[in-house]
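Report on one structure; see the data block that follows.
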Amino acid sequence: MPENYASRFARLNANINPNFWTASTTYRAPHKPLVLLSVLDLLAEGTIQSNLIEFDDDLVDLFNIYWSIVDPPSQRANIAFPLWHLQSEGFWHLLPTPGYEQRVEEGRAINSLGLLQKGVFGARLDEELFEQMRNESQRELLRAVLIETYFEPALGAKLAAQGVINQQAFRYGQELLQQVKAEKTIKEKGDSAYEVPARDQGFRRVVTRIYDHRCALCGIRMRTPEGHTVVDAAHIVPWSVSRNDDPRNGLALCRLCHWTFDEGLLGVNVQYTVQASPRLRAEQNLPAHLAALDGRGMITPADTDYWPAADSLQWHLGNVFRGR
């Protein structure tokens, strides 16, 4: 007889504490349900092809998107906790890296994403559960169980809607990448089949991935212990001007470089060299490390097909960059 995983999803071991959690999450910690919703999304989009759940950027980003909707008071989104503690459910099996087998076997908790990724390269599901999650109708049944069991109706509706956006964003991102490979320029139109949230998320996901979550100008790559990334996806020619989400019209930038680039205090020429505006050092400014970026080569994607388009860089230099 097939295992009733819907029933098991409805009985997850979760911290119940009205002092920490509100009625919106049925007074329970939402970590495990949100991880499982993220895994369902990755299976739906085909990112997960075999019974191996990798603890990678895609999983972390989806979890953080869901967490931002739940937004529990005074609680940070630390995906390391549910990725570790899901093993207590019996259907989630951690796969330790060589040398960490004893730590995993003894159950010594890992409380940061960096440590978890060092000691565990992923998780395997019960084979029967994996096959159920690959089936669209059963996958959506499991999704409904998670949403209806652990979240009040209004919040659950938002999470369900986000699941749809996640799938649209993935499809949109894939279209962006495919059209780059076809050497076509992507021009957004007002009648786009995708709504703004899906376009924004799809563009961000593609651009941050092709730059490996590293700032194209200063080179910084940082994640918090909870997995939050320092980089944004920035348009070189603003979307309001170009209607263009082509990844070659994008840069992965840290928060400071993003603001500085948008304000025209930093730019990039067609030789992919960073240029600093004279205004960067003007008056009372103390630009610190930003001034040292002048004349330095930018960080480019590993795949040259995704390097910034020369016409986009020239537009920014001519219309935004403060050359004097």
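Ala233 falls short on exactly one of the conditions (1) small (Gly, Ala, Ser); (2) part of a helix (DSSP H, G or I); (3) under 23 Å from Ala310 (Cβ atoms), and that condition is (2).
With respect to Arg124, determine if the residue is of a type outside the set (Gly, Ala, Ser), surrounded by fewer than 20 Cβ atoms within 10 Å (Cβ to Cβ) and not in a helix (DSSP H, G or I). In short, yes. Can you say whether His258 is in a helix (DSSP H, G or I), of a type outside the set (D, E, K, R) and within 30 Å of Leu115 (Cβ to Cβ), as far as the supplied structure shows? Yes; evaluated as a whole, the condition is true for this residue.
Within region 269-301, the residues that satisfy the criterion of being among the aliphatic types (A, V, I, L, M) and in contact with a helix residue (DSSP H, G or I) (Cβ under 8 Å, 6 or more places away or on another chain) are Val270, Val274, Ala276, Leu280, Leu290, Ala291. Does region 101-119 include one or more residues that are at pLDDT below 95, among the aliphatic types (A, V, I, L, M), surrounded by fewer than 13 Cβ atoms within 10 Å (Cβ to Cβ) and more than 22 Å from the chain's Cα centre (by Cα)? Yes - at least one qualifying residue is present in region 101-119. Just so you know, in region 223-267 the residues that are of a type in the set (Phe, Trp, Tyr) and more than 23 Å from Tyr172 (Cβ to Cβ) include one that is surrounded by the most Cβ atoms within 10 Å (Cβ to Cβ), and it is Phe261. Pull out all pairs, ordered by first then second residue, where Cβ-Cβ is under 7 Å, the residues are six or more apart or on different chains, the first lies in region 146-164 and is among the basic types (Lys, Arg), and the second is part of a helix (DSSP H, G or I). Listed by first residue and then by second, the contacts come to Lys158/Ile69. The residues on offer are Pro30, Pro18, and the sole one that is in contact with a Phe, Trp or Tyr (Cβ under 7 Å, 6 or more places away or on another chain), of a type outside the set (A, V, I, L, M) and surrounded by fewer than 22 Cβ atoms within 10 Å (Cβ to Cβ) is Pro18.
The values are calculated or read from the model by the stated rules, or taken from the named source; none is laboratory data. For clarity, every value in this text was computed on a predicted model and none was experimentally measured. Note that we place each Cβ from the backbone using ideal geometry, even for glycine, and neighbour counts take in every protein chain shown.
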